[in-house]
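See structure below.
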Amino acid sequence: MKEMTARQHTQTKIKLFAISPLRRMVDALTWGLAAVSFAILAFVLLHILVYVFIKGLPALNLKIFTEDTQGIAGGLRNALLGSLVLSGFALAIAVPIGVSAGVYLSEHGEGWIGKISRFLSDVLVGVPSVVLGYFGYITLVIGFGWKFSLLAGSITLAILMLPYIARTSEMALRAVPQSFREAAYGLGCSEWRLIWQVLLPAARIPILTGVLMALAIALGETAPLLYTAGWSNYLWTGHFTHEGVGYLTYVIWSFIGEPYESAHQLAYAAAFLITGMVLMINISARLLLLTWRR
Amino acid sequence: MQNLMDRLRFHWGLGAVAALLPLSLIVIVVFLFISAWPAIKFNGLGFLIHNSWNLGNMYADPITVHGTEVLPRANYGVLFLIVGTLLTALIALVLAVPMGVYAAIFLAEGLGGWTRAVGSFLVELLAAVPSVVYGLWGYLVLIPFLGKEVFPWLEHTFGSFIPVFRGPVGSGYGLLTASIVLGFMVVPLITASLRDAIVATPAALREAGASLGASRMEVVRRIIMPGQKQLLIGVSILALGRALGETMAVLMVSGNALNSLPGNIYDPVSTMASFIASQLDSAMQDPTGMAVNALAEIALLLMVISILVNAAARGLLWLSGNRT
């Protein structure tokens, strides 16, 4: 009998501390909203990827890779190689400058020069890509008279990539322990040698990851290329100026608006190729960083 | 001595290459300004307050107005672009901020270990999908769905008491469609930074909350989120900046209105970025070059707005101790 009352006593006590139904409801609502929000985002991403895959895969055939675009039919060889060449030259320009900027900011970036550069670099990330394209048009295409060309497109893309590469390089180099620098200087290394033989090798994987991400961004861009690279139905002939270059994203944008099925098929194939490449680069960059951390 | 000279030379060389980065920003502003200057003189303030983008009569001889050569009846007023840009970006933010915040809460609190890594990767991939692929998807999937299903329903349900929801609903190209696409494009920025911040909350804070009898969600809502206010405002402004400058996706789904302001959320709009991309072809036909200068003025205006928005965001993030 006594025991019973004791239990009843604890039960009333527990009831005092129990969560009220209102609090439970608000809790459940928050969890629900959180799950639904995530589900919507994941669904949209998967829908885009699956849609591009379903539309793009049947549009792929050997002709896509072996023939050039003829008007709104044919293959995509010129555009595929054009995309790669444009981004490749952009990388060749942006990587040395961007990594140098990263080294400078990480090793000498404490003063006001470093602070201002970092701020301007952050602001450069926020400049709309179409503005970069317009800048490329008035300076490189018109000002230098290069016309629509590989160099105009690549330089514009390089400006776009620069702040990303500089940022990731700076972060990667900052993460190298200070003791590495002390040890190198203690052995009498010059700064050049320290950077080239100690810091850059130690930080190579995160730097490479940043470069890969920048490459993915450049491959997927359209707006900065519309009025710098132009378009061409032919394979790139090796001229840096005075000759337009085709690229995949242009095909997606311009061919989907045409009223012909052959044009649509090319647009789907281009979307499949460019999305596939961007996805692959993103996944491999992720995996690279993961395995390196482990 | 030789050694010192080498070191200095190396230091200055490195600095000079590194300086190309901030220099390119300054060069961009300067050249855009130079290119836009004839248009700025010709247009005056009317550029900002009129809805009158008109290249003039291409077949007539150029005339001279105030010492500048232009085509007859040429007129450049881009109020509709300013309104379109701000509206699409702001509505995108209204959609993206709550979704981004709640998704971040789900990733940080509901998932852990490899499920969180995969979930985060999925959301972050939304930012990696190329703009033009969003445009393609919006054009082929979203527009038919919104135009036939969602917009008529919205009109039917809210149109009677909320004026901006009133029809006509159009075909699906327009303000809300562009905002929805933009919302998905910028949401990963918000989710990623907020998720990291929630995960990084000191365990002591959670324990203190739990010891007061708060449930897990109550700790998030009452203790963790209030501390992230500055970060949230900062990344939201950053997301706004990105939405303002998006080009291809907006170009393909916004309906590209000319010289008209949207009357409801379904009407076609144009943004500064998409207008630059769509109009340069015809602007090049202007023999006086004034149309290209006027587009440069739009680019300059867009750039100034983006820089202001980004600087504000960076400032806030810097104050809150984050450099995203």
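Read the figures in this text as sums done on the coordinates, not as results from a lab. Every value quoted in this text rests on a predicted model; they were computed, and no experiment measured them. All Cβ positions, glycine included, derive from the backbone under ideal geometry; neighbour counts span all protein chains shown.
One table, with the values for the structure above:
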quantity: Cα-based Rg of segment B:77-319 normalised by 2.2 N^0.38 Å, two decimals; calculated: 1.15
quantity: Cβ-based net charge around B:Ala277, under 14 Å, with every Lys or Arg adding one and every Asp or Glu removing one; calculated: -3
quantity: Charge sum, other residues only, whose C-beta stays under 13 Å from B:Ala296's C-beta, Lys/Arg counted +1 and Asp/Glu -1; calculated: -1
quantity: Three-way shape label, segment A:80-293, alpha-carbon gyration tensor, a/c 1.5; calculated: prolate
quantity: Helix A:2-17 vs. chain A, principal-axis angle (Cα, 0 to 90°, nearest 10); calculated: 30
quantity: Other-chain or far-sequence residues with amide H under 5 Å of B:Trp53's (modelled H); calculated: B:Gly77, B:Asn259
quantity: Phi to ³J(HN,Hα) by Karplus 6.51 cos²θ - 1.76 cosθ + 1.60 over segment A:176-188, Hz, x for Gly, Pro; calculated: 6, x, 4, 4, 4, 5, 4, 4, 5, 5, x, 7, x
quantity: In degrees, nearest ten, helix A:261-293 long axis to first principal axis of chain A (Cα); calculated: 60
quantity: Relative contact order (%) - chain B, alpha-carbon pairs under 8 angstrom, separation at least six; calculated: 26
quantity: Förster radius 56 Å - calculated FRET efficiency between A:Leu46 and B:Ile26 (Cβ-Cβ, nearest 0.05); calculated: 0.85
quantity: Phi-based couplings in Hz for segment B:29-36 (Karplus 6.51, -1.76, 1.60; Gly and Pro marked x); calculated: 4, 4, 5, 4, 5, 4, 5, 7
quantity: Summed side-chain charge close to B:Arg195 - residues other than B:Arg195 whose Cβ falls under 15 Å, Lys, Arg +1, Asp, Glu -1; calculated: -2
quantity: Between helix B:175-199 and chain B: long-axis angle, C-alpha atoms, 0 to 90°, nearest 10; calculated: 30
quantity: Most to least packed among B:291-300, B:157-166 [average Cβ atoms within 10 Å]; calculated: B:291-300, B:157-166
quantity: Convex hull of Cα atoms in the protein assembly as shown, direction-averaged projection (nm²); calculated: 37.4
